[in-house]
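The values are calculated or read from the model by the stated rules, or taken from the named source; none is laboratory data. All of these numbers come straight from a predicted model, not from anything done at the bench. Reconstructed Cβ throughout: ideal geometry from the backbone, glycine too, with neighbour counts over all protein chains shown. Please note that ligands, DNA and RNA were not included when accessible areas were found on the heavy atoms of the full protein model with its side chains. Shrake-Rupley method; radii C 1.70, N 1.55, O 1.52, S 1.80 Å.
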Amino acid sequence: MFFFDLSEPLIGTFLVSTFLKKPFPETIFGTYVENYQSNLNEVAHGGFLMAYDNNNIFAKILREEIPCKKIYEDDFVLSFYDINPQKKIHALVIPKGKFIDLDDFAINASNDEIVGLIKGINIVAKKLNISVDTGKGYRALANISEYGGQEVPHLHFHLFGGEKVGKMVQ
């Protein structure tokens, strides 16, 4: 799977066309991409441009249309308890920006947003007494796209702790 910053016209000589003025070759990407303009709300996924869904549950939580049991909030992140906990402690940390997944975030987030998310995860782990400083450790997990098991199309990290988490993948 290829991920590109589609706002950059030149993405490499391996493409039949080095400029995003013609459709991507079907032989490389498996489909044509009709729209070449990227912005903070679109990301390439397997040759498709996927738009951010403003009606996903996390977007509604950020707009306070749906309540949550808040743990922490700052300019960059919101953290709250998962409504269907899988471990003794199960929290979510989401960026406030409109990012579909970690690939979208890596391409489109500002440096401040990237630092804010990483620091936010650490602050939440400390608040929950699961960080190495205050507890016995935790797992931070981000599911990405279909094969990664992502269910909500807004980047989010699950924090699991308060007990042994178990094997990484079963």
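From the set of residues in region 137-170 that are touching a strand residue (DSSP E or B) at 6+ places or on another chain (Cβ under 7 Å) and hydrophobic (A, V, I, L, M, F, W, C), which is modelled with the lowest pLDDT? My answer is Val165. Taking the condition of being surrounded by 17 or more Cβ atoms within 10 Å (Cβ to Cβ) and outside any loop (DSSP other than H, G, I, E, B), how many residues in region 58-71 meet it? Residues flagged as surrounded by 17 or more Cβ atoms within 10 Å (Cβ to Cβ) and outside any loop (DSSP other than H, G, I, E, B) within region 58-71 amount to 5. Residue by residue through region 91-113, note down the ones that are more than 17 Å from Asp53 (Cβ to Cβ), assigned to a helix (DSSP H, G or I) and open to solvent by less than 60 Å² (accessible area, probe 1.4 Å). Selection gives Ile107, Glu113.
List every residue pair whose Cβ atoms lie under 7 Å apart, where the two residues are 6 or more positions apart in sequence or sit on different chains, the first residue falls within region 72-92 and is under 14 Å from Phe157 (Cα atoms) and without any contact (Cβ under 8 Å) to a residue 60 or more places away in the chain, and the second residue, located anywhere, is surrounded by 13 or more Cβ atoms within 10 Å (Cβ to Cβ) and among the basic types (Lys, Arg). Cβ pairs passing all conditions: Tyr72/Lys127; Phe76/Lys96; Val77/Lys96; Leu78/Lys96.
If you scan region 114-170, which residues turn out to be closer than 17 Å to Phe58 by Cα and charged (D, E, K, R)? I'd like the intermediate steps shown before the answer.
The initial filter retains those residues of region 114-170 that are closer than 17 Å to Phe58 by Cα, namely 117, 120-121, 141-145, 149-159.
Correct list: Glu151 only.
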